[in-house]
Amino acid sequence: MDIYIYIKFDLITSVSLICKKNYTTSVNKRLTKGERSKFSINSPLNEILIGLLLGDGHLQCRFGNSRFIYGQSSLREHHLNYFYHIFDLFKPFVSKEFKAKSRSFVDKRTKNTYSSIYFATLTLPCFTYYRNLFYNIQNKKIVPLNINQLLTPRGLAYWIMDDGSLKNKGLHLSTYNFSYEEVILLKNTLENLFKPDFLVKCSIHNHKKGYRIYIWEESIISVRNHIFQYMHKDMLYKINPK
């Protein structure tokens with residue numbers, strides 16, 4: 001039988017301890033339609049959001065608008081630090097009363113224990129714009145056709161921090177949930193992301209879970225040099241800095 005353990009964290013305390021800063025938000029009441037319409041996602045958060053939506057971020061439609069949901073599947077210290085870094089970026093969009101939720105369960109097949117933690121923002125029109133880009137009418141996440149106009153080096157850094165993993169001195173980006181045509185679109189976008197400085201050499205690999213993109217070893221140093229400044233210190237291992 002599966003065993004589920006639910007743990008509720010005091011978000012204000014957790015952020016203060018891990019991020020070493022006080023957490024405050026002015027959103028502590030039910031907002032009117034007019035108040036919700038005043039929220040906007042500006043630079044550089046819009047670039048970061050694009051990268052997160054290619055990775056572990058999700059947008060859920062509720063009451064005609066959308067909210068951003070982000071989770072971390074590991075409660076190790078460096079993953080928690082990164083999780084709260086993401087939360088800190090989105091805290092102006094989160095209700096003051098919200099408490100982070102963590103779930104742990106034991107896989108009855110492997111006997112391994114798995115954990116996750118997540119937060120959800122308020123439901124706001126500014127997130128609906130991005131949901132219309134990244135979801136089809138069947139509510140399935142997709143790659144926008146204009147992703148080449150949306151993805152930036154900063155966005156790539158957050159995509160890598162979510163879904164990147166080193167392999168044979170190159171780097172895999174897990175794109176398992178996207179179709180082959182969408183992965184081709186992402187590959188083409190990556191190849192040209194840093195032009196005219198350099199062309200990213202990458203290829204598509206067919207894994208048992210689906211398709212994934214592999215950035216070749218000869219491009220890793222150049223990519224690293226262009227995104228290093230955007231990487232969270234606890235995620236630097238994903239680009240193997242020298």
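Readers should treat all values here as calculations from the given coordinates under stated rules, not as data from a laboratory. What you see is a predicted model; the values in this text were computed from it and never measured. Positions of Cβ are backbone-derived with ideal geometry, glycine not excepted, and every protein chain shown enters the neighbour counts.
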**Spin-label model distance (nm) - Ser165 vs Ile137, 7 Å beyond Cα toward Cβ** = 3.7 nm
**Request:** Averaging sequence separations of C-alpha pairs under 8 Å and six or more residues apart, then dividing by the length of the stretch 129-238, give the relative contact order as a whole percent.
**Result:** 28 percent
**Asked** Once you sort the root eigenvalues of the Cα gyration tensor of the stretch 130-242 as a ≥ b ≥ c, which label holds: rounded (a/c under 1.5), prolate (a/b larger than b/c) or oblate (the other case)?
**Response** prolate
**Item:** Rough spin-label spacing in nm, given labels placed 7 Å along Cα→Cβ, for Arg76 and Thr110
**Value:** 1.3 nm
**Request:** Please give the direction-averaged projected area of the C-alpha convex hull for the chain, in square nanometres with one decimal.
**Result:** 14.9 nm²
**Asked** Are any of the pairs Lys96/Lys195; Lys99/Lys167; Lys141/Lys195; Lys167/Lys195; Lys111/Lys238; Lys38/Lys201 more than 32 Å apart by Cα-Cα distance, and if so, which?
**Response** Lys96/Lys195; Lys99/Lys167; Lys38/Lys201
**Message:** What do you get for the angle between helix 45-54 and the principal long axis of the chain? Use alpha-carbon atoms, 0 to 90 degrees, nearest ten.
**Reply:** 70 degrees
